[in-house]
Amino acid sequence: MFSHYLKVAFRNLWKFRIQSIISIIGLAVGFTCFALATLWIRYEMTYDTGHPDSDRIYQVYIKDHHGNFEMTQRTPYSLASYLKEIFPEIESSLTIESNRFWGIQSEITVEGMENRIWHTRTSPHFADIFDMKILEGNPDFLISESYQAAITPGKAKDLFGEGSPIGRKFTSYDREFTICALVEEWPFHSNYAFDVISAIRHREDDWDANWATLIKLRKGTDHQLFYKKLYGHTFEKQSKTFSQIEILPITEVHYKDMGINRNVQFRYLLFFGLAGLLVILSSLFNYITLFVSRFRMRRKELALRLVCGSSWGRLFMMLSLEFLITLLFSTVIGLVLIKLVLNYFKELSAIELGLADIYGEILIYIGIIIFLALFVFLLVLILFRKKTIQQSIQSNKYQYRDLSLIFQLIVSIGFIFCTLVIFKQIYFLHQTDLGFEYKNTLSITLKSKNIDHLIDNISKFPETEDVLNSVFVLLPVKIALHPIIKEWEGKMPETPDVPVEMIIAQSNFCSFYKLQLLAGDFPDENDADNYVLINETAVKAFGWEEPLGKRIDDRYTVKGVVKDIYKLSPTVSPRPILFSASKDDYRDIKQLFPMENIIVKYMPGTGKQIKDKIDRMIKTDFPELNVISVVFVEDEYDKFFTSERSLLQVLSFISLICILVSVFGFFSIISLNLEEKRKEIAIRKVNGAVLASILFYFFRRYIILLLIGSAIAFPVGYFLMKKWIESYTLQTTISLWIYLAIFFIMMLVIFLSVIWRVFKTAKENPADVLKTE
C-alpha cells in the first residue's frame, strides 16, 4: 500500500512538475535564509550567557569626552574603583582592556617570531567577576606591574608546542612577560575571552577614557532603581564632568553596542530571518493553494476510493506523502545551499562553531519549520474532511485561492519595493555631495619623517593629479583631536560646553578636498592671528548668526564657514569642526601623533596602476620607510555600507525567488482555473464571445487581486523603509516611479500569464470541449 501511495505521489509531482519545482526551490531558499539567520541571531544573543551570575554583571557606558556625542564603552581606569566606593549596590568592579571586544588582536613576539593573539589586560579584580580555573601555576598574573601572564592551553600549544608553558616568555606592548599560569578556556563565546591575560600597570587617579569598566551588582539589588540612581549621579574629575552614566547587561552587549566591530548590523539579521520566513510562507501558501485546487479536480477519484473501501486515514496518508516528499527535497536542497554559502556565512558572521554544531542547530530550526508546515497541511486536510465532497464543490472554492494569491503578491511586491529603496539609498549616498572630494584618492600613512623624495616621485606619475602631505586624512579617519570648547563669544551662562573636532588644515588642504566655502575665507598658516574655519554645525552649536570675526576660547578667530562634511558613517550626523592652520597647533599635534599622511589624487580609472607603482617604488627605492598602509579612500567609505550591501544581496535574491514563486503560482492557478472553466469558455464562444472579451474577463479578476495586494504592500513597505531611511543623515526620496514600475511590471507578468493560458484554451473547438465535459 505504501509503495502504491509513493508512486501516486511521484506521479502527481511529475504531472505538475513546474509548480512542484518552484515550491521546492522556494521552500529550500526559505529554509536556508531562515535557518542561517536564526542561528546567527541566537549566537549574537547568547554572548557571555555562560558566566555564573551573568545576570548581575554589567558594562558601563559614559558620554565620550573626546568629542563624541554618543555613549561610549571606553571609560577611565579609575571609574571602576570610584563606582564601587560610591554605590553600595556594587559587589565588585573591574577595569579591563579587552581587545577581543574591540576586534583588535595584539602583536607579540615569541622566540623572535611574531604572532597575533587576543591579549587581555585587566585590574586585579578579574576573578571577582569572572569564573577562572587555573589548571597549572599561580595567580600572580593579576598582580599589578608583575609582568607575568596566564595563557590558555590551546594558545600555549600553538606558541610553545607540547609541554608546560610555565616559565616561557613573550614580548607584548614593548614589555617582556613570563607565563606563570595555565588557565582553562571558557567553553562559550564571549566579548571578554582571551588567549593571554595579564594585569594592567596600577595607575592612581587616571581619568583618561581608554578602558572598559564592568560592575557586578549584589544579589537582590533592584536593577531598575539602580539604573536611575546611577544615571542621575554627576561628578567631576580632572576638569571633566561625568553624568548620565548608563549600564548594559553583558549578555546584551554584543548585539546592542554599536561600537563593536561587526560586518552586519544586528537589526539586519532580523530582516534576514523575517525574509526567510516570508519566503517559506509564500511557497507554502502557493503549494497548498495548488494542492487544494488539485484536490477539487480529483474529487471523483477520491470519491471512488472511498466507495471502494478506502478510509479517510489512508487518503490522508496518500495526500500527505506528496507533501512530505516536497519537504524532503526542499530540506536536501536547502542543506546543499547552506553548504555552498557556509564559508562566506562564517566569515561574515564571525561565528566560532564547529560544522557539527552548525548543522545540528540548523536541522533543529528546519525541523521546527517542517513540523509547523505539516501541522498547517494536516489542518487543511481535516477541514476538508469535515465537509462532504459535494459541500466542498458547492462552497466558494475561489476564496482561499484568492487569499493565497493576495498574500504572495504582498510578499513579492514588498520585497521588490524594499530592495529598490535600499538600492536607491546606497546609490544616493555614493553620488551625493558629502561636502568634500574623496573619490579617486589614495591615502599613504607612514611613521617616517623624510618623505619629500617619495612625494616628488609620486607627483611625477602621469596618473597623478595632485599630492597633499597632511597630518589629517578625512577618510579613512586615522587621527582625531577633540577639544572641548568652554568659552566663545556670545556664550550664555546656561549654555553647555561644545565638544568639537579639530583638523589641522595646512597649505592646500582646503583646495585639495574642495571644501565648499559658505562665508569668509580660508585660513592660512601665514596669518598673523590664529584664524580658523568652522562648519555649519559648529555655527549652530555656538548659537551664532554672524560667525565671521567671532572669538573662540580667546585663542581663535573665525575667518570662514564651510558646508558640513560627512566623513563618518552615513548614519552619524555632522559634528562641530574647527579647521586650523596655526603653526602652534601643527607642532602640538605632531608631538601627539608622529605620523605622516600622503594623499594622492589620481586620474579616474587609473587607481590600480598608480597603487601598483607606489607599492613597487616603496619596496625598491624607499625600503627604509615605515609604511603603515596604502588604501583607496573610496574603499574606506564603502566599508560603511557592508551591512547594507549584505542586506541588498539577500533581498535581491529573495525578491527573485518570490517573483518566481508568484509568477508560477499565478501561472499554475490560472491553468487550473481555466481547466475547470473549459466548459464555460466553450459556452461563451458558442454564444458569440470573442477572444478579447474572454481575455478581459479573466484579466480583470487578477488585476483586482493585484490592486488589493498593492494597496497593502506599498503602505507597509513605505512605513518600514521610511523608518530605515531616517537612520541616515543624508536621505533619498521614495519616488513615485518605484510604485508605478513595480505595479506595471507585476501587471505585465499577470497579463502574460493570463494571455498564454486563456489563448490556448479559447482556441479549442467548443464542440470537442462540450463532448468531453
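State the three equivalent ellipsoid semi-axes of the stretch 492-585, derived from the C-alpha gyration tensor as the square roots of 5 times its eigenvalues, in descending order and whole Å. Can you show the working numbers first?
Numbers: eigenvalues 75, 63, 28 Å².
For the stretch 492-585, the semi-axes come out at 19, 18, 12 Å.
For a quick size check, give me the Cα extents of the stretch 437-569 along its three principal axes, largest first, whole Å.
Over the stretch 437-569, Cα extents along the principal axes are 55, 27, 26 Å.
Using Cα-Cα distances under 8 Å and only pairs 6 or more residues apart, what relative contact order does the stretch 538-644 have, in percent? Provide the component values of the computation, followed by the final result.
Working: 32 pairs, mean separation 18.4, N = 107.
Here the relative contact order equals 17 percent.
For the stretch 147-254, what does the convex hull of the Cα positions come to per residue, in cubic angstrom?
Details: hull volume 16.9 nm³, N = 108.
Looking at the stretch 147-254, the number lands at 157 Å³ per residue.
Return the Rg/Rh value of the stretch 485-540, two decimal places, where both radii are evaluated on C-alpha atoms and Rh is the Kirkwood radius. Can you show the working numbers first?
Values: Rg = 13.3 Å, Rh = 13.3 Å.
Radius of gyration relative to Kirkwood radius: 1.00.
Using the per-residue mean of other Cβ atoms lying within 10 Å as a proxy for protection, in what order, highest first, do the peptides 339-346, 267-274, 438-445 fall?
438-445, 267-274, 339-346
Which percent of Cα pairs goes in each bin when the distances of the stretch 70-138 are cut into 5 angstrom slices starting at zero?
3, 13, 16, 20, 20, 14, 8, 4, 2, 1
Using only the alpha carbons, work out the radius of gyration and Dmax of the stretch 15-145 in angstrom.
Spelled out, the Cα radius of gyration and Dmax of the stretch 15-145 are 23.1, 78 Å.
Please sort 223-233, 328-338 by packing, taking for each peptide the average over its residues of neighbouring beta carbons within 10 angstrom, highest first. Please list the in-between numbers first.
On the way: 223-233: 13.0, 328-338: 18.1.
With the highest mean Cβ count within 10 Å placed first, the list reads 328-338, 223-233.
Where does each of 112-119, 25-32, 419-426 land if you order them by average Cβ count within 10 Å, highest first?
Values: 112-119: 14.8, 25-32: 26.1, 419-426: 20.1.
The densest-packed peptide leads the list: 25-32, 419-426, 112-119.
Calculate log10 I(q)/I(0) of the stretch 408-493 for q = 0.21 Å⁻¹, where I(q) comes from the Debye formula with a single equal point scatterer on each Cα and nothing for solvent.
Computed log10 I(q)/I(0) values: -1.10.
May I ask which of 339/639; 339/424; 550/583; 514/722 have a Cα-Cα span longer than 25 Å here? Before the final figure, lay out each step's value.
Numbers: 339/639 27 Å; 339/424 32 Å; 550/583 20 Å; 514/722 32 Å.
Beyond 25 Å between Cα atoms: 339/639; 339/424; 514/722.
Can you give me the C-alpha center-to-center distance between the stretch 327-371 and the stretch 595-625, rounded to a whole angstrom?
That distance is 44 Å.
Using only the alpha carbon atoms of the stretch 566-651, find the Kirkwood hydrodynamic radius as the inverse mean reciprocal pair distance, in angstroms to one decimal. Working shown, then result.
Working: mean 1/r = 0.0596 Å⁻¹.
Mean inverse Cα-Cα distance, inverted, gives 16.8 Å.
Please report the spacing between the Cα centers of the stretch 192-228 and the stretch 1-50 in Å, no decimals.
A separation of 46 Å, based on Cα centres.
Count the DSSP beta bridges whose two residues both fall in the stretch 520-610, then state the antiparallel fraction as a percent rounded to the nearest 5. It would help to have the intermediate numbers written out before the result.
Values: 6 of 11 bridges.
Close to 55 percent.
We did not get these values from a lab; they are worked out from the coordinates using the rules stated. Being a predicted model, the structure only gives us computed values, none of them experimental. Cβ coordinates were reconstructed from backbone atoms using ideal geometry, including for glycine residues, and neighbour counts include every protein chain displayed.
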